[in-house]
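Q: Below are the structure tokens for one structure; questions will follow.
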Amino acid sequence: MKPLEQPGAGAGGAIETFILPQDGLLPNNPVLPVIVYKAVLRENPEDTEQIFNDNGWLNSWVSGVFSYHHYHSNAHEVLGVMSGTASLQLGGDAGRTLAVSAGDVLVLPAGTAHKLLHSSAGFRVAGAYPGGADYNTLRATPEDLAAALPEIAKVPLPDSDPVYGKTGQLLEAWGV
């Protein structure tokens, strides 16, 4: 149960990082970029949850993605597509829309809004959190934003990348 290759090696798929600015009542993360590993687990998407767990990203689940903007102010989150395809919106209405498919992995820093726009039948993702952190689910309200902004800055950096463990793009991109 290994990813295809180490980051930067080429055949494992493209790696993209980007920072999303605050979008109205959705805070996003002003410091840490979203990391997208395209097709990194395409040869073994059914092992996604176990790979995350093996790399210290725990408190995992397998399901879908909510169809409304939401975020977690107290934990970073990884989402790995296990089956199907979908269109996800990150960062709010002014954010980015991504087409995802089995084998894709998205690492969302605390505060990053995300929402399912549409999906194929059988779309499933595994989600997990560094060290098994408990997570909240907040929405675009003034009360949630006021509580979230100071909390996001206090979320500790993870000890490992959810796909590559003690190596990987996350460690470099997030300065771990």
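Q: Looking only at the stretch 75-100, how many residues end up being of a type in the set (Gly, Ala, Ser), on the phi < 0 side of the Ramachandran plot and buried (at least 20 other Cβ atoms within 10 Å of the Cβ)?
A: Residues in the stretch 75-100 being of a type in the set (Gly, Ala, Ser), on the phi < 0 side of the Ramachandran plot and buried (at least 20 other Cβ atoms within 10 Å of the Cβ): 4 in total.
Q: A follow-up question, please. Can you tell me which residue within the stretch 138-174, out of those that are assigned to a loop (DSSP other than H, G, I, E, B) and hydrophobic (A, V, I, L, M, F, W, C), is nearest to Ala113 (Cα to Cα)?
A: Let us first name the residues in the stretch 138-174 that are assigned to a loop (DSSP other than H, G, I, E, B), namely 139-141, 155-160, 162-164, 166-168, 174.
Next, from what is left, pick out any that are hydrophobic (A, V, I, L, M, F, W, C): 140, 155, 157, 163, 174.
On the way: Ala140: 9, Val155: 16, Leu157: 18, Val163: 21, Trp174: 18 Å.
Ranking the qualifying residues of the stretch 138-174, first place goes to Ala140.
Q: Follow-up question, since we're still on this one. State whether one or more residues within the stretch 86-96 are over 13 Å from Val65 (Cβ atoms), in a strand (DSSP E or B) and touching a strand residue (DSSP E or B) at 6+ places or on another chain (Cβ under 8 Å). Walk me through how you get there before you give the answer.
A: Start the filter on the stretch 86-96 by keeping residues that are over 13 Å from Val65 (Cβ atoms), which leaves 91-96.
Those left that are additionally in a strand (DSSP E or B): 96.
Among the residues that remain, those that are also touching a strand residue (DSSP E or B) at 6+ places or on another chain (Cβ under 8 Å) are: 96.
Yes: the stretch 86-96 contains one or more residues that are over 13 Å from Val65 (Cβ atoms), in a strand (DSSP E or B) and touching a strand residue (DSSP E or B) at 6+ places or on another chain (Cβ under 8 Å).
Q: Say we look at the stretch 158-171 and pick out the residues that are more than 18 Å from Gln50 (Cα to Cα) and in contact (Cβ under 8 Å) with a residue 24 or more places away in the chain; which of these is surrounded by the fewest Cβ atoms within 10 Å (Cβ to Cβ)? Outline the logic, then answer.
A: Pass one, the stretch 158-171, residues more than 18 Å from Gln50 (Cα to Cα): 169-171.
In the following step, the residues that additionally are in contact (Cβ under 8 Å) with a residue 24 or more places away in the chain were identified as 169-170.
Values: Gln169: 22, Leu170: 29.
Looking at residues that are more than 18 Å from Gln50 (Cα to Cα) and in contact (Cβ under 8 Å) with a residue 24 or more places away in the chain, I get Gln169.
Q: Might you check whether a residue that is surrounded by fewer than 14 Cβ atoms within 10 Å (Cβ to Cβ) and either on the phi > 0 side of the Ramachandran plot or over 15 Å from the mean Cα position of the chain (by Cα) (or both) occurs anywhere in the stretch 106-117?
A: Yes, some residue in the stretch 106-117 is surrounded by fewer than 14 Cβ atoms within 10 Å (Cβ to Cβ) and either on the phi > 0 side of the Ramachandran plot or over 15 Å from the mean Cα position of the chain (by Cα) (or both).
Q: Quickly run through the stretch 17-74 and pick out the residues that are of a type in the set (Asp, Glu) and either crowded, with 18+ Cβ neighbours inside 10 Å or in contact (Cβ under 8 Å) with a residue 40 or more places away in the chain (or both).
A: Asp23, Glu43, Asp47, Glu49, Asp54 - these are the residues of the stretch 17-74 that are of a type in the set (Asp, Glu) and either crowded, with 18+ Cβ neighbours inside 10 Å or in contact (Cβ under 8 Å) with a residue 40 or more places away in the chain (or both).
Q: To continue, here is another question. So which residues in the stretch 27-41 are in a loop (DSSP other than H, G, I, E, B) and within 22 Å of Ala153 (Cα to Cα), if there are any at all?
A: Of the stretch 27-41, the ones in a loop (DSSP other than H, G, I, E, B) are 27-33, 38-41.
Correct list: Pro27, Asn28, Asn29, Pro30, Val31, Leu32, Pro33.
Q: Also, I was wondering about something else. Hey, Gly103 hits all of (1) under 23 Å from Pro27 (Cα atoms); (2) surrounded by 22 or more Cβ atoms within 10 Å (Cβ to Cβ); (3) in contact with a Leu (Cβ under 6 Å, 6 or more places away or on another chain) but one; which does it fall short on?
A: (1)
Q: Here's a follow-up. Give me a count of the residues in the stretch 117-133 that are more than 13 Å from Gly84 (Cβ to Cβ), in contact (Cβ under 8 Å) with a residue 60 or more places away in the chain, assigned to a strand (DSSP E or B) and not aromatic (Phe, Trp, Tyr).
A: 3
No value in this document is a laboratory result; all are computed from the given coordinates. The shown structure was predicted, so the numbers you read here are calculated from the model rather than taken from an experiment. Cβ coordinates were reconstructed from backbone atoms using ideal geometry, including for glycine residues, and neighbour counts include every protein chain displayed.
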